[in-house]
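*Asks:* I have a structure here, written as structure tokens, and I will follow up with some questions on it.
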């Protein structure tokens, strides 16, 4: 007669904890991009204008334009670095 030994199961449940889901780089990249564009929004609403003045001319540019240019560059670099990975 043979006896069967029952060992504890080594299978882990498929559910992951909240902390393990927050450590995903794509989550932080998406959050970074959202925060950058919210910054552009708030600078556009509450920020001032840049005024360039020469004696005959005066040029006014909203400061959100410059912030948006840098946010677009940063969005492209973050997206390429995190979402552009192949096979990782």
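Nothing in this text is a laboratory measurement; each read-out follows from the coordinates by a stated rule. Keep in mind the model is a prediction, meaning the values are calculated, not measured. Neighbour counts run over all protein chains shown; Cβ positions are idealised from the backbone, glycine included.
*Asks:* Sorting check: for 45-54, 72-81, 59-68, which peptide has the highest mean count of neighbouring beta carbons within 10 Å, and how do the rest follow?
*Replies:* Those peptides, ordered most packed to least, come out 59-68, 72-81, 45-54.
*Asks:* For the range 22-83, compute Rh as the Kirkwood radius over C-alpha pairs and then the Stokes-Einstein diffusion coefficient at 25 °C and 0.890 mPa s; write the answer in µm²/s, rounded to an integer.
*Replies:* 185
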